Amino acid sequence: MNRKYRKTVIAGNWKMNKLASEVKPFVEELRGMMPKTKSCETVLCVPYPLIPAASKAIRDSRLAYGAQDVSVHDSGAYTGEVAAPMLADLGVKYCIVGHSERREYHAETDAMVNTKAKNLLAAGITPIICVGESLDQREKGLTMEYVDYQVKAALAGIEAKDVKKCIIAYEPIWAIGTGRTATAEQAEEVCCEIRSVIRGMYDARTARAVSILYGGSMNAKNCDELLAQPDIDGGLIGGASLKPQDFARIICGTALEEPWIR
Ligand code: PEP
């Protein structure tokens, strides 16, 4: 983490889990375990139908809520799609794009990720842009090449002032939902590479202002080591964000001044 130049962000990705009625009890339990002072931006990225419940439950708290996807279109005859202005209208401040599950199961391309990021920025929403290699790519030594390509494609045509508003999440596909976490060294190496790609595309000031998160089986046990890395500015958390105690523990991991009571 580097709080001097950029935001620390812990974002939960609930994926297709929980019901609207479960949001309030979750938020109440989580609030009771949060650090006393705000140590990071905490976001709950919930399924679309849960957004109104999240907005209500989170009111007057230090939490924000987000979505998990957005349409490439802004309006029109696109049955089933949800546009960025609609999310903004609901008070959404963050939205995940390019998650590997959407790339794999919904044929989301790098060009679509780029369009979605631009649509979100135009609507005043922070895109959380996911990138990451497969196990096959890692084993073939292609991690850096592939992640560099994904970052460049996702940010193509986005101005420096807007890139500073984006969040990049490095999520190695082999670590998502598998319980197999990247080591702190592996995660830092790629997050540092992502920052250097941004530096090459823009400049050092821009690169140091972008928050880069790690995601992939981050949990209450391994979060401290990952969050201690200089280029890891937080986490995108799947499974562990569904349990208030585990999610709170990760949030507390960003509260350097407040020792976690074990
Ligand atoms: C994710 O889906 O973004 C994720 C990081 O999941 P998990 O933490 O369960 O690996």
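The values are calculated or read from the model by the stated rules, or taken from the named source; none is laboratory data. Because the structure is a prediction, the values reported are computed rather than measured. Please note: Cβ atoms are built from the backbone with ideal geometry, for glycine as well, and neighbour counts cover all protein chains shown. Note: accessible area is taken over every heavy atom of the protein model, side chains too, but ligands, DNA and RNA are not part of it. Shrake-Rupley method; radii C 1.70, N 1.55, O 1.52, S 1.80 Å.
Per-structure values
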| quantity | calculated |
| --- | --- |
| Qualifying positions in the stretch 117-149 - within 16 Å of the ligand (Cβ to nearest atom), surrounded by 14 or more Cβ atoms within 10 Å (Cβ to Cβ) and in a helix (DSSP H, G or I) | R138, V147 |
| Residues located in the stretch 150-163, provided they are crowded, with 18+ Cβ neighbours inside 10 Å and closer than 16 Å to I212 by Cα | Q150, V151, A154, L155, V163 |
| The stretch 100-113 residues that are under 19 Å from L236 (Cα atoms) and open to solvent by less than 70 Å² (accessible area, probe 1.4 Å), paired with ones that are of a type in the set (S, T, Y) and modelled with pLDDT of 95 or more (beta carbon under 9 Å, 6 or more apart) | S100/S134; R103/T109 |
| The one condition in (1) at positive phi; (2) within 16 Å of the ligand (Cβ to nearest atom) that G91 fails to fulfil | (2) |
| Output for the stretch 1-60, where each listed residue is within 20 Å of E171 (Cα to Cα), assigned to a loop (DSSP other than H, G, I, E, B) and among the small types (G, A, S) | none |
| Subset of the stretch 169-215 (residues that are small (G, A, S) and within 14 Å of the ligand (Cβ to nearest atom)) | A169, A175, G177, G179, A182, A187, G215 |
| Test: residue in the stretch 202-210 that is without any contact (Cβ under 8 Å) to a residue 40 or more places away in the chain and farther than 25 Å from A122 by Cβ | yes |
| Every residue from the stretch 66-88 that is within 16 Å of the ligand (Cβ to nearest atom) and either farther than 19 Å from Q150 by Cα or surrounded by fewer than 15 Cβ atoms within 10 Å (Cβ to Cβ) (or both) | G66, A67 |
| Residue that is touching a Lys or Arg at 6+ places or on another chain (Cβ under 6 Å) and at pLDDT below 95, where the choices are A182, A220 | A220 |
| Inter-residue pairs, beta-carbon under 7 Å, first under 20 Å from P127 (Cα atoms) and touching a residue at least 12 places away in the same chain (Cβ under 8 Å) and in the stretch 52-66, second open to solvent by 20 Å² or more (accessible area, probe 1.4 Å) and in a helix (DSSP H, G or I), 6+ apart | Y65/S55 |
| Tally, over the stretch 168-187, of residues that are within 15 Å of V147 (Cβ to Cβ) and among the β-branched types (V, I, T) | 3 |
